[in-house]
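Working notes, structure below.
Laboratory data are not the source of any read-out in this text; all were calculated from the coordinates shown. What you see is a predicted model; the values in this text were computed from it and never measured. Cβ atoms come from the backbone with ideal geometry, glycine included; neighbour counts cover every protein chain shown.
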Amino acid sequence: MTLWKDRDPAAMRLPGMYAGTMDRLDDPLTAVSSLAASGVQFVRLRDAVDLAAVGGADADGADADGAAAAAALVAVRELTSHGIAVDWTIRMPAGAAGWQQLSHLYPPAAVLCGSESENVTTWWRDSFHAAKCGYRRGPGFLEIRDRRTGSFRRTVIRSARSDQAITPLLRGVPAASLGEAATRRYLEADLVHRAGQFLWWAPYLIRRWPLSTTIP
């Protein structure tokens, strides 16, 4: 990742705006929080997030198991949560089925998915808004507010056991490490996204609760 302390192209060229690079985020939650605290406002991912190349155990390629794709998507989720702009590209299977599940993330510069690439890139950019799919924690509950499909869906998790299962998902985990019942429940609710053999929690933490007039 390449970092800047301003997102305006002209301002990015000024002295002191370039904030260096990071090759690896050992803990994306802590690392992105530190970037936000240091004033980083714009991040460029070096490599495309390639969901078209990941799959099951027989998938070929450098990221056949999906570990790198899941890690990159977790990083984009955290950057979006902190309001940091992201210059990134995502490659999806032809037809881009499932792009809406990721449409709460900061819009990519390009969605590569065959003949629909330009349309999906535009749809994603035009439909993006703050708090499109996020969660907040309260005393004894977790509330998820989801507008990715255009309609509003609210989910409240009150089980401490379920809440604890979410913690490792925030950083991404091998699917085999999560219980079958929890995996099925979260996937059916579109709260977890699968990248090859890895699962990660899709909604991001809403850090500043938006006014109702600022979102559709």
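Summary of values
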item	result
FRET efficiency for ASP87 and ASN119, using Cβ-Cβ distance with R0 set to 25 Å, rounded to 0.05	0.80
Listed peptides 134-147, 77-90, 183-196, 17-30 by packing density, highest first (mean Cβ within 10 Å)	77-90, 183-196, 134-147, 17-30
Calculated FRET efficiency for the pair LEU29/THR155, C-beta based, R₀ 25 Å, to 0.05	0.70
Principal axis box of the chain, alpha-carbon based, largest edge first, Å	52, 44, 34
Hz values of 3J(HN,Hα) by residue in the range 136-153 - Karplus curve (6.51, -1.76, 1.60), Gly and Pro given as x	9, 9, x, x, x, 8, 10, 10, 10, 10, 10, 10, 5, 8, x, 9, 8, 10
Length-normalised contact order of the chain in % [C-alpha pairs under 8 Å, at least 6 apart]	19
Expected 222 nm ellipticity per residue - DSSP helices of 4 or more, -39500 (n - 2.57), all of the chain, to 500	-8000 deg cm²/dmol
Amide H partners (placed H, <5 Å) of GLY66, local residues excluded	GLY55, GLN197
Distant-in-sequence amide H partners of LEU112 (H built 1.01 Å from N, under 5 Å)	ILE90, ARG91, MET92
Sites ARG207 and ALA94, calculated FRET efficiency, Cβ-Cβ separation with R0 35 Å, nearest 0.05	0.45
Under-5 Å amide H pairs with LEU170, H placed in peptide plane, nonlocal only	TRP201
In range of the label at THR167: residues from the range 1-44 whose backbone nitrogen is under 20 Å from the point 7 Å along Cα→Cβ	26-33
